[in-house]
Amino acid sequence: MSIDTGDSSPETSPHGRSIRLDADGTVDATTFRLFALASVLVLTASYVSVLREVTRVVGGTQSLLAIVGAALLVATVLARAIRPRTAGTLAILAGVGGFAYYFEAAGIGSRAVLGSADELLSDALTLATGLPLLQMIEAGVWTLAFAPAPVFLSWYLALRGRYALSVVPGGVALLFLVLTGDAGTTVTLVGTLGALATVGFGELTSRGGSIAQLDLLAVLFAVVIVLSLSATFVPSGPANPTTAGASDPGTLEGAIDSSPERSGIAGDVDLSPAVRFTVESERPSYWRTGVYDRFTGDEWLRSGQEEPFEGQLETPPGEFNRVEQTVQAESDLGVVPVAPEPVDLDGPIAQDATVSSHGQVHPTTTLREGERYTVESAVVLPQREPLQQAGTDYPEEITDHYLQRPEDTSSEFDERTAEITDDAETPLETAIAIEQYLRTSKEYSLEVERPTDNVAEAFLLEMEEGYCVYYATAMTQMLRAEDVPARYVSGYSTGEPVGDDTYVVRGLDAHAWVEVYFPDHGWVAFEPTPPSDRNEVHGEELEQAREDGLEDVDTPASADAAAEDPSDDGEETTDDATDEPEQPDDDETNESEPNETDDGGDDVGSPAPDDATTGDDADGLTIPVTVGRETIALAAVLLFGVVAGIHRAGMAAQVRRSVGCYWHGRRGEPDRDVVRAYRRLEWLLADEYRPRCPGESARGYLEALATEGRAAASAGAGGETSATAKAETHGDSALATDPRVRDVLEHYERAVYGGGLERAEADEAIETVDELARERLPFVGRSRFSDREHQKEPGDGV
Amino acid sequence: MTDVNSPPSPTQQSSTDRDRLSISAVESVSAEIQDNVSRVIVGHEDVVEHVVIALLGRGHVLLDDVPGVGKTMLARSIARSIDCSFRRVQFTPDLLPADVTGVNVFNEKSREFEFQPGPVFGNVVLGDEINRAPPKTQSALLEAMEEGQVTVDGETRELPAPFTVIATQNAVEPNRTYDLPFAELDRFMAKLQLGYPDPAQESELLGRTIGDHPIDALEPVTTRETLVRARETVANVRVAKPIREYVTRLAGYTREHARVGVSPRGTISLLRAAQARAGTNGREYVIPDDVQLQAPVVLAHRIRTEDRDRNGDDIVSAALESVPVETDLE
């Protein structure tokens, strides 16, 4: 705050606060106006930054910035030209127009929207109750539709000086983004402070405030910041990846298990041998539980909304085989594993199931242990020739959604991908080239340090090793870089075959892979994770498990596993909350020798990462850093607030006064010294009676005090006890009538108005004030003073 | 129409060649004058003090009051106390300027014109009911007040020193009077009101007037020359910069808060009055209190407000209340 406060500061004169505010402290209104406008911009920037985060993922940043810029420009131009009501109408029109366009783009059609206003309402409600913007199908268009109205209106109102009102559109916009969970804590905080500052500075502008009133604003700031940090009332969104990673769904299996709308990418992971479910199926398959189309750089999101399952889903456009599977949950399941693509679902969960816009079935209730369901899937049988011939004539809805890449993907990534797929001529060849490249060039490892930026990029360009999530993510993004529609899917690998088309699927089978779209065929799965490497990593356990499993059917296998479970790795057991005692059989696996069996098609061994380590690791890394930085920031903010508060309460002046009363300080020019001595005397008087009014002369003040003192004394004599007490404390009320005070006053007048004083006279005045001050020292002075009072008793009236 | 209480004073003498009076002498002289006047005038100490201050501060006084409260008596007592000539002009609607300033009269014996000085040639001139005369006549007096000289038939004549006008104006019959133009009001240093005495004072007054009027027994307590020297002393009372700034702030306040605020002539008058008050208190420098005590009588009649609810007095008291006495001194 480098605003010129003039040559006076409030502390310099004890009674002067109000004078300074009126006379000198008033800051040029334009300064405050600039601050207020800047604050509006901060608020605007806060929610535009959230929108920009969306466009960064789905594209359209330039359009967004252009729209925001245009809105600001139009508002600036129109600020003087149109009336607020017109501006409001304009903003509403802009909003309505934008959203009409959005609905058009989303394929809903504005006419249909008008017809189903209740659906529209429920959409808005869904958003407002925490659906992230990125999950919307047309998130980019929505963003562009959303931006102009609040930007325009708030800037327009701010330019017209309606600061408080200008906060409303911006605040509503920010609030909405907070409710969707997209605005992170920091952004929300910054936006809130911007809003607060706008109102504050706006008030100061319109009321002709003074610099001294800024401290109140500062106190408010500090309170808001500290409160927001101590209680995280803002739902943390994707802007805060560490929080997302540390939470349960951040683990791979956790993500698969609960099938959330977002799938984070973790660092180190662990395995869980617990049996999840068994499948009876005529064909082995990967059991898919989630499909993700949108990549933000550090997590996968599923766009679009869930529709309730109402029988028979769409079948793939090409040839397919119908495969029926019966799945029995062996532990509580939050997902519906199916062989892609599911077309029909039967069983108790069918009523509650929902279907994503990507054709994946999701349960709304948890599947209990032992519950069963039957799925009919249309399995696309990949054959090289037809796929090779498929061409690139993709339907629009496929290219719209499955080619998305974060805008900030580096060109290096694209170049590298182009290099790798140099020889490929068809999408199939591209996919195979990438698959092969990843399989051969990267090592399989569950111990991975999570990259901080774009995961796909980091994996392709920097990292040496990773696990399925990294492979699948990189491959999907690489395919998209080559304009091949692809998506990231998660689920479980086939599991352990236990005879008669039955497969036991464990936690360690959790997996992620890639699906590539071929026109006239549909989605075909690809496996970029090297199966052999994966088996090397946990070969022993898997091989042993398989042997055991082969002997028996699933139940005995589970029973065995249960018996030996306790002897197993402690971590694994503890990590797995849903672990049932009867399930996994790992100890035997441990004992057995490593066996190199694997077969790309029906590999049992896929990593079942368990993120306990991840969580710990992340915590271990982040906590000291965050605490350190946050603590410092918090301390700085607190200090700032306290300082401002002290300033507000005039405590600095108070302290200076209290010290100044008793200590004169360095002596200089006699006249100045006398003036300072008189100031100290005035502080004493102010403490005892009241401060001097601005219009009161020094002499007039003293005379008024004497009169008032007498009046108070006579009131005390009137008999009221409190008044008497007061009169007693003011027993030293003689201060106003003390001849020494009068003497100092005359010295002061001569110094200021007369011809000045000699050194000796100045010293005399200082000493007198020192003496008077000492007499008023809280304890020492009291006793000494009462002595003096007694001596003076006989008529020393003055 | 004019009545001369004492012979016109002899030729004026410049006071510059004389020693100034010491400040304590000024204090005692003014105290003596006030004391002396109070033998005749019962109560009204503050008004007497203001008149004395105007006398010392080279100003003129306008008494605005109902008839019969002792305006004339006040003026005469003052004149008598300082051993000065006292002249009185009773303003009437048919009074001519020459009746105030004097005329050239043809002397049969010497066969030439002689100047017959008008009543304005006195040390203390009482312009009674000044608002009854037409503006032309009023201005003859007012010009003399401003210039300290009178021009008759092309010949300019100096007025005696000290020259103080005490004008009265009748507040009772406003429809038969010519209100003083605002510009001319500005020439009076102070406008005062005597007001009725309180019962005790009035009975005291009645007691004194039985038998010989006390004014007849009034003796001068000082000489005209002493007074001139005292005025010289007062003119040199120190006015520090903070005081000048304070006066400027006060004037500025009136200009901001009224249609017509205090003119620079008004601020000069205020400073002179403050100097004179410092002098009467035996102080060689003006303090803010001097300014504050003089401001109401010096400034109020120079202010014109727009609304009827606030007159000049209100503006001045508001100014005194809210204008800071001191800005930062350190």
Degrees, to the nearest 10: B:224-235 long Cα axis against longest axis of chain B: 30 degrees
Per residue accessible area in Å² of chain B, where ligands, DNA and RNA are left out and the probe is 1.4 Å: 45 Å²
Shape of chain B, Cα gyration tensor, a/c cut at 1.5: rounded
Gaussian network model of chain B, Cα within-10 Å springs - most flexible of B:L180, B:L205, B:L55: B:L205
Prolate/oblate/rounded call for the range B:190-243, Cα gyration tensor, a/c under 1.5 rounded: oblate
Cα shape, the range B:237-322, gyration tensor, a/c 1.5 rule: prolate
Distant-in-sequence amide H partners of A:D344 (H built 1.01 Å from N, under 5 Å): A:L313, A:E376
Sites excluded, trypsin sites (Lys or Arg not before Pro) in DSSP loops with at most 11 other C-beta within 10 Å, longest stretch of chain B: B:112-258
Solvent-accessible area buried by B and A, counting both chains, probe 1.4 angstrom, square angstrom: 1800 Å²
Chain-alone versus full-assembly comparison, the range B:220-268, residues with accessible loss of at least 20 Å² (1.4 Å probe): B:R238, B:A240, B:P242
Whole-number percent relative contact order across the range B:263-330, with pairs defined as alpha carbons under 8 Å at least 6 apart: 26 percent
Protein-protein interface of the range B:285-327, residues with accessible area decrease of at least 50 Å², isolated chain reference, 1.4 Å probe: B:Y285, B:D289, B:E326
Surface share of carbon and sulfur [accessible, 1.4 angstrom probe, percent] for the range B:241-322: 46 percent
With Cα atoms, 0 to 90° folded angle of helix B:264-280 axis to chain B main axis: 90 degrees
Percent of Cα-Cα distances greater than 14 Å, calculated over the range A:454-532: 65 percent
C-alpha long axis of helix B:135-147 to longest principal axis of chain B, angle in °: 70 degrees
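The values are calculated or read from the model by the stated rules, or taken from the named source; none is laboratory data. What you are looking at is a predicted structure, and each value in this text was computed from that prediction instead of being measured. Glycine also receives a Cβ, built like all others from the backbone with ideal geometry; neighbour counts cover every protein chain displayed. When the accessible area is computed, the model is the full protein with side chains, heavy atoms only, and any ligands, DNA or RNA have been set aside. Shrake-Rupley method; radii C 1.70, N 1.55, O 1.52, S 1.80 Å.
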